[in-house]
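The numbers here are math on the coordinates, done by the rules we state, and not lab data. None of these values were measured; they are calculated from a predicted model. Cβ atoms come from the backbone with ideal geometry, glycine included; neighbour counts cover every protein chain shown.
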Amino acid sequence: MKKLPGNMRVESREDLQLEQTTKEIIRRIKSGDNKAFSELVKLYRNQVASLAYKMVNDYDEAADITQNVFMKTSRNIWRYDESKKFYTWLYRITVNASIDYMRKHHRYHHESIENVIETADEKNATPDITYQRGQLRQYINEAANSLSDKQRSAFLLRDVDGCHIDDVASIMNMPEATVRWYLHRARVKIRKELLKKCPQILVTLGFK
């Protein structure tokens with residue numbers, strides 16, 4: 001998805017083609033094509049697994065969640081409204097499945113926020129900078145442990161995966177204003193912890 005200044009955006013050709021392909025597969029599933037669901041899984045398995053991993057920070061657990069997500073998708077595909085974006089519907093299932101898993105197993109891990117850290121100036125990737133990035137990842141992980149489930153989800157979807165705010169609202173099934181509030185609180189908490197624990201590292205890496 002291409003981003004434009006402000007809140008403007010435009011769907012890329014790849015996004016539109018993927019959505020069209022997905023809708024065709026779903027129509028085949030609903031018409032009784034037994035092979036079509038396997039194609040849907042193949043199309044989205046990596047994205048689901050990636051999001052699940054970012055939520056729980058464990059490959060084996062992410063694999064279990066991914067399997068659970070597609071089981072739920074299979075049972076509920078008939079409820080999917082084809083006038084809506086499929087990936088937001090699937091992301092919602094994935095986020096909820098990840099949160100349920102963490103609650104069940106009393107696990108509260110979070111994405112290492114590597115994409116956020118990569119906003120640091122790449123040309124300064126000296127051994128010292130690389131070491132400080134590693135420290136920053138650790139501090140962000142620790143700070144993220146204090147986030148609520150909804151704050152974590154908003155932060156992950158918007159700041160890590162780069163979803164547009166209206167898509168995050170659709171995935172989390174809440175108004176945009178509520179998503180913005182959870183996102184704001186998440187950013188405030190993480191920033192506060194980072195400023196307390198590693199202010200010099202933030203300055204060195206170019207974070208203000």
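For segment 35-85, residues that are surrounded by fewer than 14 Cβ atoms within 10 Å (Cβ to Cβ), among the hydrophobic types (A, V, I, L, M, F, W, C) and within 20 Å of LEU18 (Cα to Cα) total 1. Look at (1) touching a residue at least 24 places away in the same chain (Cβ under 8 Å); (2) of a type outside the set (Val, Ile, Thr); (3) buried (at least 19 other Cβ atoms within 10 Å of the Cβ); (4) in a helix (DSSP H, G or I) and you find that CYS163 fails only one, number (4).
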